[in-house]
Amino acid sequence: MAIHCPKCSSTLITARSMGKKVCCGIGIVAGGAQGVSNALKGAKIGGEVGAFFGPSGAFMGRFAGALIGAMIGGVSGGMAGAQVGEIIDDQVLDNYECLQCEYVFRID
Ligand SMILES: [Zn+2]
């Protein structure tokens, strides 16, 4: 279905998705903080598992555990943020912009 500008009837419409962008960013930052604590947990677990393979195993285990923990935190935070942002975009914000006349509007 094509979206028409309510003002000039143009079909040159772009979705702004401001909430999604902002919340995704917040989510990544929040998730990153979560990722740090995950990284510490991951490093501990990785170190313990790696210890079975000697000192270099413990080092590698800690490194891999920290990396995986941090990545999981950041990615899941960003995804959660994007989902919240999508809801905000859908419900709250004026989410479409006409490229012809720059009119910003929302579709119910
Ligand atoms: Zn327009």
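List of remarks:
- The Cα center of the range 1-54 and the Cα center of the range 75-104 differ in position by 14 Å.
- Candidates ALA51, ALA30, ALA43, ranked by Gaussian network fluctuation over the chain, Cα under 10 Å, top entry: ALA51
- Only the Cβ atoms of Lys and Arg (+1) and of Asp and Glu (-1) were treated as charged; on that basis the dipole of the chain about its Cα centre amounts to roughly 420 debye.
- Sequence-distant residues sharing a close amide H with ILE13 (under 5 Å, placed H): LEU99
- With protein chains left intact and a 1.4 Å probe, residues in the chain average 66 Å² of accessible area per residue.
- Share of carbon and sulfur in the accessible heavy-atom surface of the chain [1.4 Å probe, %]: 68 percent
- In the chain, the longest principal axis of the Cα atoms and the axis of helix 18-50 are about 10 degrees apart.
- Label-point gap, in nm, between SER76 and ALA15 - each point 7 angstrom along Cα→Cβ: 2.6 nm
- Farthest toward the positive end of the dipole of the chain, out of CYS5, PHE63, SER17, is the Cα of PHE63, where the dipole comes from beta carbon charges about the Cα centre.
- Pairs of Lys in the chain closer than 30 Å at Cα, counting only those 8 or more apart or on different chains: 4
- Take the Cα of ALA51, go 7 Å toward its beta carbon, and the backbone nitrogen atoms of the range 57-85 under 17 Å from that spot belong to 57-66.
- Extension gain for GLU86-HIS4 works out to 27.4 nm (0.36 nm per residue, less the C-alpha to C-alpha distance).
- Acute angle (nearest 10 degrees) that the helix 55-91 long axis makes with the longest principal axis of the chain, alpha-carbon atoms: 20 degrees
The values are calculated or read from the model by the stated rules, or taken from the named source; none is laboratory data. This one's a predicted model, so the numbers in the text were calculated from it and none came from an experiment. Note: ideal-geometry Cβ built from the backbone for every residue, glycine included; neighbour counts use all protein chains shown. Side chains are part of the model used for accessible areas, which takes the heavy atoms of the whole protein and leaves out ligands, DNA and RNA. Shrake-Rupley method; radii C 1.70, N 1.55, O 1.52, S 1.80 Å.
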